[in-house]
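> Let me give you the structure first, and then I'll get to my questions.
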Amino acid sequence: MLDESLGLTYEHHVMADNIENKQVMYPDRSVYGTVSYVFGNVASNVQFYVTDSTQHFLRGSLYFSVPPNKDSIAPVVAHLKVDIDHMLNSISWTE
């Protein structure tokens with residue numbers, strides 16, 4: 001699943017101006033992963049996965065139902081990045 005998630009992110013490299021990866025690491029909660037911010041006229045501007053590396057795996061991505069236009073969707077992407085970061089920073093697993 002991890003390789004597939006990374007592959008889905010890097011499918012956008014042809015149209016992307018840049019891809020920035022940020023590590024998600026909370027060992028006290030067994031939460032590890034990556035959030036990728038994809039810049040440019042791409043279909044998905046944010047993609048992420050988190051896992052505990054044994055039982056849990058969560059993957060998400062941000063898509064819009066409109067043709068990509070980075071200037072038009074930039075304010076919405078910026079707002080949603082805050083929400084996605086908050087979610088990733090507060091996630092925990094339950095048994």
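> If I ask for residues that are surrounded by 15 or more Cβ atoms within 10 Å (Cβ to Cβ) and of a type in the set (A, V, I, L, M, F, W, C), which ones from the stretch 65-79 would you list?
I73, V77
> How many residues, within the stretch 47-95, are under 16 Å from the mean Cα position of the chain (by Cα) and among the basic types (K, R)?
2
> Output the number of the condition that T51 fails; it satisfies all remaining conditions of (1) touching a Gly at 6+ places or on another chain (Cβ under 8 Å); (2) closer than 19 Å to N18 by Cβ.
(2)
> Kindly indicate which of T54, T94 is exposed (fewer than 15 other Cβ atoms within 10 Å of the Cβ), β-branched (V, I, T), modelled with pLDDT of 90 or more and assigned to a loop (DSSP other than H, G, I, E, B).
T54
> Regarding the stretch 31-46, can at least one residue be identified that is more than 11 Å from the chain's Cα centre (by Cα) and either in a helix (DSSP H, G or I) or at pLDDT 95 or above (or both)?
yes
> Which residues, taken from the stretch 57-89, are in contact (Cβ under 8 Å) with a residue 40 or more places away in the chain, over 13 Å from T34 (Cα atoms) and not in a helix (DSSP H, G or I)?
P68
The values are calculated or read from the model by the stated rules, or taken from the named source; none is laboratory data. Predicted model only: the values in this text are computed from it and were never measured. Positions of Cβ are generated from backbone atoms using ideal geometry, with glycine treated the same way; all protein chains shown enter the neighbour counts.
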